[in-house]
Amino acid sequence: MLDINFIRANPDKVKQAITHKHENAASVDRILELDTQRRSLIHICEQLKSRRNEKSREVSELKKKGHDASCIIEETKKIGDDIKSMEEQLKELEPQINNLLLRIPNIPAADVPIGKDANDNVIVKTWGQRKAFEITPLPHWEVGSLLNILDLERSSKISGSGFILLKGLGARLERALFSFMLDLHTREHGYTELFPPFLVNRTSMTGTGQLPKMEEDMYRTAPDDLFLVPTAEVPVTNIHRDEILSCKDLPIYYTAYTPCFRREAGSYGKDTRGIIRVHQFNKVELVKLVRPETSYDELESLLGNAERVLQLLGLEYRVVKLSTGDMSFAAAKCYDIEVWAPGADKFLEVSSCSNFEDFQARRINLRFRDENGKLRLVHTLNGSGLALPRTVIAILETYQQKDGSVSIPDVLQPYMGGVRVIARQ
RNA sequence: GGAGAGGUGGCUGAGCGGCUGAAAGCGACGGUUUGCUAAACCGUUGUAGAGACAAAAUCUCUACCCCGGGUUCGAAUCCCGGCCUCUCCGCCA
């Protein structure tokens, strides 16, 4: 959420930013209009309240002295009625403003490339060597099914398409990967490990920006109005909602493994084969709560923390700075990390590292007290470190051997009970 | 699921219809004293919104004692609904 004061002072800047994100800027004028109405109502209403308080005090004085106050009481009653009608108008206005405000996207940072879509993203880094294969590398769904570690026919029988059933060493690989990632981030990168709830309430979903805009993309449990987390970002960023942190507490680094649930409404027909795009996947998330003046440095180091996973796994990847048109609703700046999948013959997004500045913090009312005792909004950041299915894809496709087996990267072998190769079972 | 108890400022905890934004204590901050630390003493100590001011400082007003309604001239205080916490019972991984 943007600061209404900021919108009031910089309407054109806001409109331009919205346009760059390819959303409708018309609501800005509407907000300002409603805001003007709102403030004048508040002004009148408060004057009335002031008068009422004054009169009530008079009543109290008179009664204390034993005098009759019915005249003033009558008058005050009328003021009360006026206040009530003002408040009713306000009660209508305020949710309207708020609702519009919640749908205004964050303003992109100055160095974000302005663009229409993913084609305008900028590759800022590539890492690793393109591996040479003796044979044409198979796509992961074939590797997985030949090794009997991935069974998409049965998972779709159980749940439908877009769900994964891993078996044997495939399941073990999954567990190995998120254990390895959590250990890396906690031991070497200074993150505190969390294990949050997988169902969250509407307030939490609104706080990080998934609601109200993206409700159709979320799995919702109807009787309780709880949502399955689309990412650990939601429960973890909301941990300190409505809190005031000490400046000594910052920065806070959290990492958490959770499954992630996404309906992927609107992406039908995209990435239908294999496990590139699924409704449920595992992910290790990195979340940072930091002082505003450090947040862009923190974004760089967060990105580095996520990259480190791929480096240790020996997987080729590139880092892409997203253009305004490809960036998510809440982000001010965002890097994607894309791993090379030789079987699928393309780069796959495995992480999205974003600085939200104070956009989420304002929604969740998360502040800190600085050295001078001033209250300020923190900046929030997060990034995947990493999303598992696509990492698994890259491993299966990159490390497949001509006999159909897959060798396990060294760093994962301890987590695989010493297994070095997944061979046909 | 059944039966009770309760949610007040950073914390503990009073108040249960009218100068109560809220006693007292603790903590924190500033000062005095002190060779240093400690102690003692004095003082300060919430947040948000609206308005005034060119702006900051500042000032005025309004709101906030879990949330939302209601009663009343007036609500932290009374009534109703919700959420949450705790205790006991039942059920259960």
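Return yes or no: is A:Ser352 closer than 17 Å to A:Val320 by Cβ and either in the same structural domain as A:Tyr254 (by TED's automatic domain parsing) or within 16 Å of RNA strand B (Cβ to nearest atom) (or both)?
Yes, satisfied.
Would you mind listing the helices (runs of 4 or more DSSP H) fully within region A:1-68 where at least 1 residues are under 23 Å from A:Leu211 (Cα atoms) and within 16 Å of RNA strand B (Cβ to nearest atom)? Working first, answer last.
Working: elements: A:4-9, A:11-20, A:26-65.
Answer list for region A:1-68: A:4-9, A:26-65.
Of the numbered conditions (1) crowded, with 22+ Cβ neighbours inside 10 Å; (2) within 16 Å of RNA strand B (Cβ to nearest atom), A:Leu381 satisfies every one except a single condition; which is it?
Single failed check for A:Leu381: (2).
Please go through region A:355-378 and pick out each residue that is surrounded by 24 or more Cβ atoms within 10 Å (Cβ to Cβ), in contact with a Phe, Trp or Tyr (Cβ under 8 Å, 6 or more places away or on another chain) and of a type outside the set (A, V, I, L, M, F, W, C).
Selection gives A:Asn355 alone.
Inspect all residues belonging to region A:91-100 and state whether any of them is of a type in the set (A, V, I, L, M), assigned by TED's automatic domain parsing to the domain that holds A:Thr19 and farther than 30 Å from A:Thr19 by Cβ.
no
Which count do you get for residues in region A:72-83 that are closer than 30 Å to A:Leu101 by Cβ and either open to solvent by less than 70 Å² (accessible area, probe 1.4 Å) or within 7 Å of RNA strand B (Cβ to nearest atom) (or both)?
Counting residues in region A:72-83 that are closer than 30 Å to A:Leu101 by Cβ and either open to solvent by less than 70 Å² (accessible area, probe 1.4 Å) or within 7 Å of RNA strand B (Cβ to nearest atom) (or both) gives 1.
Pairs under 7 Å by beta carbon, first residue open to solvent by less than 100 Å² (accessible area, probe 1.4 Å) in region A:54-71, partner charged (D, E, K, R), six or more apart or different chains?
From region A:54-71, the pairs are A:Lys55/A:Glu75; A:Ala69/A:Lys63.
Does A:Arg273 satisfy the condition of being of a type in the set (D, E, K, R), touching a residue at least 24 places away in the same chain (Cβ under 8 Å) and in a loop (DSSP other than H, G, I, E, B)?
It is true that A:Arg273 is of a type in the set (D, E, K, R), touching a residue at least 24 places away in the same chain (Cβ under 8 Å) and in a loop (DSSP other than H, G, I, E, B).
Only one of these conditions is not met by A:Arg318: (1) of a type in the set (Lys, Arg); (2) open to solvent by 30 Å² or more (accessible area, probe 1.4 Å); (3) out of contact with any Asp or Glu (no Cβ under 6 Å at 6 or more places or on another chain). Which number is it?
Of (1) of a type in the set (Lys, Arg); (2) open to solvent by 30 Å² or more (accessible area, probe 1.4 Å); (3) out of contact with any Asp or Glu (no Cβ under 6 Å at 6 or more places or on another chain), only one is false for A:Arg318: (3).
Only residues in region A:31-52 that are over 14 Å from A:Asn98 (Cα atoms) count as the first member; pair them with residues that are among the polar types (S, T, N, Q) and more than 8 Å from RNA strand B (Cβ to nearest atom), Cβ under 8 angstrom, at least 6 apart or cross-chain, and list the lot.
Filtered contacts from region A:31-52: A:Leu41/A:Gln89.
This table checks each residue for (1) open to solvent by less than 40 Å² (accessible area, probe 1.4 Å); (2) under 24 Å from A:Asp345 (Cβ atoms).
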site	(1), (2)
A:Leu150	yes, yes
A:Gly160	yes, no
A:Arg172	no, no
A:Leu177	yes, yes
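Return the residue satisfying two criteria in turn: it lies in region A:384-425 and is among the charged types (D, E, K, R) and at pLDDT 95 or above, and of such residues it is least open to solvent (accessible area, probe 1.4 Å).
Quick first cut of region A:384-425, residues among the charged types (D, E, K, R) only: A:390, A:397, A:402-403, A:410, A:420, A:424.
Next cut, at pLDDT 95 or above only: A:390, A:397, A:410, A:420.
Working: A:Arg390: 45, A:Glu397: 0, A:Asp410: 121, A:Arg420: 160 Å².
Here the residue is A:Glu397.
Can you find a residue that is part of a loop (DSSP other than H, G, I, E, B), in contact with a Gly (Cβ under 7 Å, 6 or more places away or on another chain) and open to solvent by 90 Å² or more (accessible area, probe 1.4 Å) anywhere in region A:124-141?
No, every residue in region A:124-141 fails to be part of a loop (DSSP other than H, G, I, E, B), in contact with a Gly (Cβ under 7 Å, 6 or more places away or on another chain) and open to solvent by 90 Å² or more (accessible area, probe 1.4 Å).
Would you call A:Val236 assigned to a strand (DSSP E or B), in contact with a strand residue (DSSP E or B) (Cβ under 7 Å, 6 or more places away or on another chain) and open to solvent by less than 50 Å² (accessible area, probe 1.4 Å)?
Here the answer is no, as A:Val236 does not meet what is asked.
Kindly evaluate A:Tyr191 against the criterion of being under 28 Å from A:Ala331 (Cβ atoms), open to solvent by less than 40 Å² (accessible area, probe 1.4 Å) and of a type in the set (Phe, Trp, Tyr).
Yes, satisfied.
The values are calculated or read from the model by the stated rules, or taken from the named source; none is laboratory data. These figures come from a predicted structure and were not determined experimentally. Here the Cβ is made from the backbone with ideal geometry for all residues, glycine too, and neighbour counts use every protein chain on show. These accessible areas exclude ligands, DNA and RNA; they are computed on the full protein's heavy atoms, side chains included. Shrake-Rupley method; radii C 1.70, N 1.55, O 1.52, S 1.80 Å.
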